[in-house]
Amino acid sequence: MIDIFFGDNAIWFSAVALAGTGIFALRLLLMIVGIGDVDGGDVELAADGDTSLGLLSLNGMAGIMMGFGYGALISYRSFEWGFLPSIGVGVVSGIGVGSIIVMIFRSMSRLESSGTVDATGAVGNSAAVYTAIPENPNERGRVRVIIDGRMRYYPARSESGSYPRGAQVRIKAMDDDRTVVVESMTASEANE
């Protein structure tokens, strides 16, 4: 069994394959536990600096190494091709596997989202009173507002009266402490 991987010239292919597999497995493990990032390790060669997740990234290079090593090893041992034809197969399979891995990681990076919503986008929007807002501007209630398709809750105060739970209000401003200042809506605005 050891001879398959390390006998005669096969060691040249096995060493590359195992090194690529180790790098890829380590990157994947770090990414899963949240230590690594999906697009780290890129080499900038483009004029605009956009080589995000290209073949020269750490993930791409690990894929090329795995594809080259395993492709060449299979052609060398299983098909019993010579050393040079196996290198050719390894190059083609390396580029193929590297490209596939780059596409996978690129699609994974598109799934990333910070999850943060710019709270200042709430100003001007309508909101529903979630917890009654007292008339005293020093006391707080809560409102529910949808920003960028996401429901958010903010502490709220009023400068112009009290609002019961369920009332429709307009967000007039936002304080530094992320408390929104609400005002009444007209009947036509509430019906929209």
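The values are calculated or read from the model by the stated rules, or taken from the named source; none is laboratory data. This is a predicted model, so every value here is computed, not measured. Positions of Cβ are generated from backbone atoms using ideal geometry, with glycine treated the same way; all protein chains shown enter the neighbour counts.
Quick notes on this one:
- Residue match in the range 102-119 (condition: more than 30 Å from Leu28 (Cβ to Cβ), surrounded by fewer than 16 Cβ atoms within 10 Å (Cβ to Cβ) and more than 18 Å from the chain's Cα centre (by Cα)): yes
- Residue within the range 166-181 that is surrounded by fewer than 14 Cβ atoms within 10 Å (Cβ to Cβ), under 30 Å from Gly34 (Cα atoms), at pLDDT 90 or above and within 31 Å of the chain's Cα centre (by Cα) present: no
- Condition met for Gly124 (within 30 Å of Thr179 (Cα to Cα), in a loop (DSSP other than H, G, I, E, B) and of a type in the set (Gly, Ala, Ser)): yes
- Restricting the range 149-163 to residues that are at pLDDT 90 or above and either more than 16 Å from Met185 (Cα to Cα) or within 30 Å of the chain's Cα centre (by Cα) (or both), the residue that is surrounded by the fewest Cβ atoms within 10 Å (Cβ to Cβ) is Tyr153.
- Residue count, the range 80-107 (criterion: without any contact (Cβ under 8 Å) to a residue 40 or more places away in the chain, more than 16 Å from Met66 (Cα to Cα) and either of a type in the set (A, V, I, L, M) or in contact with a helix residue (DSSP H, G or I) (Cβ under 9 Å, 6 or more places away or on another chain) (or both)): 4
- Pairs where the first residue, in the range 155-180, is closer than 14 Å to Pro137 by Cα and the second is polar (S, T, N, Q) and part of a loop (DSSP other than H, G, I, E, B), C-beta under 6 Å, 6+ apart: Pro155/Thr179; Arg157/Thr179
- Checked against (1) over 20 Å from the mean Cα position of the chain (by Cα); (2) modelled with pLDDT under 85, Leu53 passes all but a single condition, namely (1).
- Which numbered condition Thr120 misses (of (1) out of contact with any Phe, Trp or Tyr (no Cβ under 8 Å at 6 or more places or on another chain); (2) modelled with pLDDT of 90 or more): (2)
- Residue satisfying all of: in the range 133-148; within 35 Å of the chain's Cα centre (by Cα) and either more than 11 Å from Thr179 (Cα to Cα) or touching a residue at least 60 places away in the same chain (Cβ under 8 Å) (or both); surrounded by the most Cβ atoms within 10 Å (Cβ to Cβ) among these: Val145
- Any chance Ser93 is surrounded by 20 or more Cβ atoms within 10 Å (Cβ to Cβ), touching a Leu at 6+ places or on another chain (Cβ under 8 Å) and hydroxyl-bearing (Ser, Thr, Tyr): no
- Test for Gly67: is it closer than 18 Å to Ile104 by Cβ, at pLDDT 95 or above, out of contact with any Phe, Trp or Tyr (no Cβ under 9 Å at 6 or more places or on another chain) and assigned by TED's automatic domain parsing to the domain that holds Gly98: yes
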